[in-house]
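Below: the structure, in structure tokens.
Each value in this text was obtained by applying a stated rule to the coordinates, not by laboratory testing. Predicted model, so just to flag it, every value in this text is computed and none were measured. Here the Cβ positions follow ideal geometry from the backbone for every residue, glycine too, while neighbour counts run over all protein chains shown.
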Amino acid sequence: MQHSIPPGGRVSGFRLAKLLGEWRRRGARHGSADLAAAVRMLVLDGRLPAGTRLPAEREMAEALPVSRTMVSAALDQLRAEGLVASRRGAGTWISLPSGGALVGGADTPLVGSSMVDFARAAPPAIPGLLPAFDAVRARLPEQLVDHGYYEHGVPELRRRIAQRFEARGLPTSPDQILVTSGAQHALALVLRMLTGPGDRVLVEQPSYPNALDAIKAMSAIPVPVAMTDTGWDLPGIAAALRQAAPRMAYVVPDFHNPTAHRMDAETRAGLADLARRARTPLVVDETIVELDLDGDPLDGPPPVASYADDLVVTLGSASKSHWAGLRIGWIRASTEVVHRLVSSRTALDLGSAVLDQMVLAELLTEPESGLADRRRHLAGQRDVLMAGLREHLPQWRFDRPGGGLSVWCELDAPVSTRIAVVAQNHGMRLAPGARFGAHGGFERWLRLPFVLPPDVLREAVRRLGLVAAAVSGGGSVPHQEVEVPVA
């Protein structure tokens, strides 16, 4: 397998030649077009991320080997498409067409009017996505002769998802899997089945903002239980189960969003025991379980369903591990619960996109081939972000996350919303801490994702330091809510 370049890094001529492989297909007359097409494929496939510095034309020509004129013509074509950008004295780097993500230049990786999106903890597509589409395309005709509706999901994908649970030590049959259009869709289906207006739902405090929004959209009432500095407060959960009698509990045990805590096996067993005693269904969000940056996800604590299979509904998604644009999630539950969900689903939709399901099934054929690369890059970006925070914001406190996509920072004053407001004038979009509370609060906290290229992270943290200094200086900042999409 050819590994991708770390986002924001520099690719040498030798490395670029190795990534390109046998790129020349149609002879010398079309050499520049073939070279441009080969580089374009690497960009779209994620192996040359936005911000990657390209070698000089002379170095590239010597490495391939081709004429410098051919290299220049290929780069001109890519510049016209917006996939490559250059500046005198700064070199050439991978860009994205207008409306794409941020790119890196020599002096500043923040180009034009683009904003650093620190609100969405969602990485770009995993390397290998485009080849998966190509592999699936050959098998697509067999689907086109049928109606294309799979209320449960494409059988091959359900089988692959079940196998991944099996690899983590949880026996699972494809009949226990329901494919959805993302984890948010999965949660909406479960909430619709288990709750109604006025019902209480136990949640962690803080919690994932979109989950809180989904609960409130059902006119249900979130009942928050504060997390401790080290994780989950089982006595607090037990008290909430007794006193509030919630219809269900929503928890994120693996690299919790936003704190990045991970629930150990003993706590999982204790939580399952509490739920069993109260007969309260546990809805367990495993969206980030594959992003163990310090170890192997298969060696982590057992899934919560291992301790109370009859009471646990597990949610999963490809959005964080592979690409949010696939819009594929899933539910693992008992076959009885899956049948109930399918029966109620038809009032909302008739199934998820077949092509996207086939692509994810292809990627899950050898899941570690792409996920190992994803975890390695994220670990590097995590370290870049933490180094920047120590340099520019030493007064802020944070723990090193063992996995996930973000750092949960404790500020030196309750100014989270003020910082989010001022940051917009410095080219950054932040989700204030209040977004992560069931009823607001968390003005001393900010979640900072590390899904952006290293150069962007370094510059963004530098700017964040300027913002924090301006806010602490007592300048006038208008009071307002910060409405930004959060992922």
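Here are the numbers for this structure:
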{"read-out": "Dipole-positive endmost among 54, 457, 484 within the chain (Cβ charges, Cα centre)", "value": "54"}
{"read-out": "Computed magnitude of the charge dipole of the range 129-368 (debye, nearest 20; Cβ of K, R +1, Cβ of D, E -1)", "value": "900"}
{"read-out": "Packing-based exposure ordering (other Cβ within 10 Å, fewest first) of 72, 343, 32", "value": "343, 72, 32"}
{"read-out": "Mean residue ellipticity (222 nm) of the chain, computed from DSSP H runs ≥ 4 via -39,500 (n - 2.57), nearest 500", "value": "-12000 deg cm²/dmol"}
{"read-out": "Surrounding net charge for residue 150, when Lys and Arg each add one and Asp and Glu each subtract one, Cβ distance under 12 Å", "value": "-3"}
{"read-out": "Correct choice for Rg and Dmax of the Cα atoms in Å that was computed from the model, options [x] 23.8, 77; [y] 22.0, 73; [z] 26.8, 91", "value": "[x]"}
{"read-out": "Integer Hz, Karplus 6.51/-1.76/1.60 couplings in order for the range 58-68, x for Gly and Pro", "value": "5, 5, 5, 5, 5, 6, 6, x, 8, 6, 5"}
{"read-out": "Fully extended contour minus Cα-Cα distance, from residue 410 to residue 335, at 0.36 nm per residue", "value": "22.7 nm"}
{"read-out": "Inter-site label distance for residue 469 and residue 166 at 7 Å from Cα along Cβ, in nm", "value": "5.8"}
{"read-out": "Leading residue at positive end of dipole, the chain (Cβ point charges), from 41, 228, 152", "value": "41"}
{"read-out": "Three-way shape call for the range 301-398 based on the alpha-carbon gyration tensor, with the a/c threshold at 1.5", "value": "prolate"}
{"read-out": "Per-pair calculated FRET efficiency, R0 = 56 Å: residue 245 and residue 10 via Cβ, rounded to 0.05", "value": "0.45"}
{"read-out": "Average Cα contact separation per residue, the chain, under 8 Å, 6 or more apart, as relative contact order %", "value": "18"}
{"read-out": "Protection-proxy order for peptides 277-285, 325-333, each taking the mean of Cβ atoms within 10 Å per residue, highest first", "value": "325-333, 277-285"}
{"read-out": "Modelled FRET efficiency - R0 41 Å, residue 234 with residue 350, Cβ distances, 0.05 increments", "value": "0.50"}
{"read-out": "Gap separating the Cα centres of the range 266-284 and the range 41-92, nearest whole Å", "value": "55"}
{"read-out": "Förster radius 22 Å - calculated FRET efficiency between residue 149 and residue 175, Cβ distance, rounded to 0.05", "value": "0.75"}
{"read-out": "³J(HN,Hα), Karplus 6.51/-1.76/1.60, whole Hz, each residue of the range 168-176, x for Gly, Pro", "value": "8, x, 10, x, 8, 9, x, 5, 8"}
